[in-house]
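For reference, the structure discussed in these notes is given below.
The values are calculated or read from the model by the stated rules, or taken from the named source; none is laboratory data. Because the structure is a prediction, the values reported are computed rather than measured. Neighbour counts are summed over all protein chains in view; Cβ atoms, including those assigned to glycine, are modelled from backbone coordinates with ideal geometry. Quick note on the areas: whole protein, heavy atoms, side chains included, nothing else; ligands and nucleic acids left out. Shrake-Rupley method; radii C 1.70, N 1.55, O 1.52, S 1.80 Å.
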Amino acid sequence: MTHKIEQVVSRGMCIGCGACAIASGGAISIKLSPNRLYQADLSGVVPSAVRAGSRVCPFSDEAPDEDVLGIPHADEDMDAHPLLGRFTRIFAGRIRNYEEIMKSSSGGLTSWLLEKLLEIGYVDAVLSVGRATDESSELFGYSVAYCEDLRTRRKSQYYASTMSEVLTFARQHDKRFAVVGVPCYIKAARTVCREDAVLASRLVLFIGLVCGHLKTQAYAESLAWQLGISPRELAEVDFRIKAEGRPASDYDFGARRSGESSWLRSPTRLLVGSNWGYSAFQPEACNFCDDVVAETSDVTFGDAWLPHFVEDFHGANLVICRNRLLEGIFETGQKRGEIVLTPLDPSEAVQSQAGGFRYRREGLALRLSDDIAAGLSVPRKRVRPDPRAVSFRRAALLRQRRRMARLSHAAFAEAIAAQDLTVYLGAMKKEIARYKRLDLYFARRTLVYVKRFLPRARAEKTRDREGRHHTRS
């Protein structure tokens, strides 16, 4: 069965990127769902418009996959890697300006590059996620940013948004735009450009962000509520506050109550549901993505989660460059002393995102197999369904992660209805404890197996070796 946009929407697998709204000429609308995630609405849409939307949906079989799309500005001399895609250079780095790097989530290179692109006039504006206007009920959203706007968009925003409005803006204005997004959003924007010549002439650069999985808007609300700020009172959040003296991965979460100037903050690791491995508020679509590093972009930025970089609380970016022009801008910045770059091998880049690749490749093979066995429609991916792709222990943990993701949406909705955060916290703590028990149980089983059978295997190997020696004698 071909997995089309109809199956994407009916299975709750829509990520809300908004590409289908553009491709259908606005016939398909994008609405915020009760789970606080944007979703496409196909009701009453004529078949031709539905098909147009399906051809650009990042989770539809009617749209090209990442390998078919390739990269925007390829040449024959580029290297290729099965997990990283095509690239010209891979490195870790950061800006040198201390004050600016403290305002960034990681090494500050994403904002640095965007500012350079605007300064040299290669692009006129940037389509990216930033803080929403005061009139909006949302904390963040896609908007059009010019040079002066970028300084307020330096940090990561783990918050569901849609590109539909900014892509419409780009289509209506004869300017050159760079678009910034997670892998599925970049794929969607690239696919729209294949269908729309006007947008293809205006979206000239695609800036990708490494993604473990997206978060719904409820994620920010759940963390702020744990600091004592209810969703109705919440004015601002900061997902990545650097903490001097702690590793770069051990940052704080902060929130501000409406009408107040002071911020409340806590180490993120102390807040329930903040551990990415528990998949709280993860959309269903993220269970079916095999692209960690935005393979279809001109350049990808992420965190250089490698031991010698994590130790420094300032943080460092992982950068996978796929564009010769951008490579030249980085080289010039290094020569001028504005940035510091350290070359990385592809294996180091993979290591820095090892958890994401395990989840998006081996884990995806299991999830595809599980859903096919349950008679559900699944998209065609570059990973083959395989129930034995992971160990029995790993399979149990992956299934529990999926269970926790689903429960987080329902439990938080109940907490909102009851105006009682403990409804959500109690449910999540129970499932997190179950996850830990599963992990401990299988770890003990492995230890028992090793203690019981390893000595026997060694003894048998010794007997075999002695028998061969006796035969030769």
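Between PRO267, PRO247, PRO231, which is touching a strand residue (DSSP E or B) at 6+ places or on another chain (Cβ under 8 Å), touching a residue at least 12 places away in the same chain (Cβ under 8 Å) and open to solvent by 20 Å² or more (accessible area, probe 1.4 Å)?
On the way: PRO247 fails: touching a strand residue (DSSP E or B) at 6+ places or on another chain (Cβ under 8 Å); PRO231 fails: touching a strand residue (DSSP E or B) at 6+ places or on another chain (Cβ under 8 Å).
Going through PRO267, PRO247, PRO231 in turn, the sole match is PRO267.
Each row is one residue, and each column tells you yes or no for (1) of a type in the set (A, V, I, L, M, F, W, C); (2) touching an Asp or Glu at 6+ places or on another chain (Cβ under 8 Å).
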position: PRO72; (1), (2): no, yes
position: ASP79; (1), (2): no, no
position: THR88; (1), (2): no, yes
position: SER106; (1), (2): no, yes
position: LEU109; (1), (2): yes, no
position: LYS116; (1), (2): no, no
position: ILE120; (1), (2): yes, no
position: ALA125; (1), (2): yes, no
position: PHE140; (1), (2): yes, no
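Just need a number here: residues in the range 43-58 that are crowded, with 19+ Cβ neighbours inside 10 Å and either within 22 Å of the chain's Cα centre (by Cα) or of a type in the set (Ser, Thr, Tyr) (or both).
4
Of the residues ASP386, ASP345, which single one is touching a helix residue (DSSP H, G or I) at 6+ places or on another chain (Cβ under 6 Å), open to solvent by 30 Å² or more (accessible area, probe 1.4 Å) and not small (Gly, Ala, Ser)?
That would be ASP386, the only listed residue that is touching a helix residue (DSSP H, G or I) at 6+ places or on another chain (Cβ under 6 Å), open to solvent by 30 Å² or more (accessible area, probe 1.4 Å) and not small (Gly, Ala, Ser).
State all residues of the range 162-190 that are within 13 Å of the chain's Cα centre (by Cα) and assigned to a loop (DSSP other than H, G, I, E, B); if no residue qualifies, say none.
VAL182
Suppose we filter SER164, SER201 for residues that are more than 19 Å from CYS57 (Cα to Cα), open to solvent by 10 Å² or more (accessible area, probe 1.4 Å) and hydroxyl-bearing (Ser, Thr, Tyr); which single one remains? I'd like the intermediate steps shown before the answer.
Numbers: SER164 fails: more than 19 Å from CYS57 (Cα to Cα).
The match here is SER201.
Starting from the range 76-91, keep only residues that are without any contact (Cβ under 8 Å) to a residue 60 or more places away in the chain, then list their pairs with residues that are open to solvent by 40 Å² or more (accessible area, probe 1.4 Å) and assigned to a strand (DSSP E or B) whose Cβ atoms are within a distance under 6 Å, requiring at least 6 positions of separation or different chains.
Cβ pairs passing all conditions: ALA80/ARG86.
So in the range 131-143, with the set limited to residues that are at pLDDT 90 or above and either of a type in the set (Val, Ile, Thr) or part of a loop (DSSP other than H, G, I, E, B) (or both), which one is surrounded by the most Cβ atoms within 10 Å (Cβ to Cβ)?
LEU139
So that you can scan it fast, the table gives a plain yes or no per residue for (1) assigned to a helix (DSSP H, G or I); (2) open to solvent by 30 Å² or more (accessible area, probe 1.4 Å); (3) touching a strand residue (DSSP E or B) at 6+ places or on another chain (Cβ under 6 Å):
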| residue | (1), (2), (3) |
| --- | --- |
| ALA294 | no, no, yes |
| SER297 | no, no, yes |
| VAL319 | no, no, yes |
| THR332 | yes, yes, no |
| GLU362 | yes, yes, no |
| SER369 | yes, no, no |
| PRO379 | no, no, no |
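Can you tell me which residue among VAL68, VAL56, VAL50 is more than 22 Å from ALA178 (Cα to Cα) and of a type outside the set (S, T, N, Q)? Don't jump to the end; show me each part of the working.
Working: VAL68 fails: more than 22 Å from ALA178 (Cα to Cα); VAL56 fails: more than 22 Å from ALA178 (Cα to Cα).
The conditions single out VAL50.
Quick one: would you say ARG393 is closer than 17 Å to ALA285 by Cα, open to solvent by 80 Å² or more (accessible area, probe 1.4 Å), modelled with pLDDT of 70 or more and not polar (S, T, N, Q)?
no
Would you mind telling me which numbered condition in (1) in contact with a strand residue (DSSP E or B) (Cβ under 9 Å, 6 or more places away or on another chain); (2) over 25 Å from GLU295 (Cβ atoms); (3) hydroxyl-bearing (Ser, Thr, Tyr) TYR158 fails?
(2)
Got a number for residues in the range 22-46 being out of contact with any His (no Cβ under 6 Å at 6 or more places or on another chain), under 23 Å from GLN282 (Cβ atoms) and not hydrophobic (A, V, I, L, M, F, W, C)?
Number of matching residues: 7.
Please verify whether PHE412 is modelled with pLDDT under 95, part of a helix (DSSP H, G or I) and not β-branched (Val, Ile, Thr), treating the condition exactly as stated.
When the stated conditions are applied, PHE412 does not pass them.
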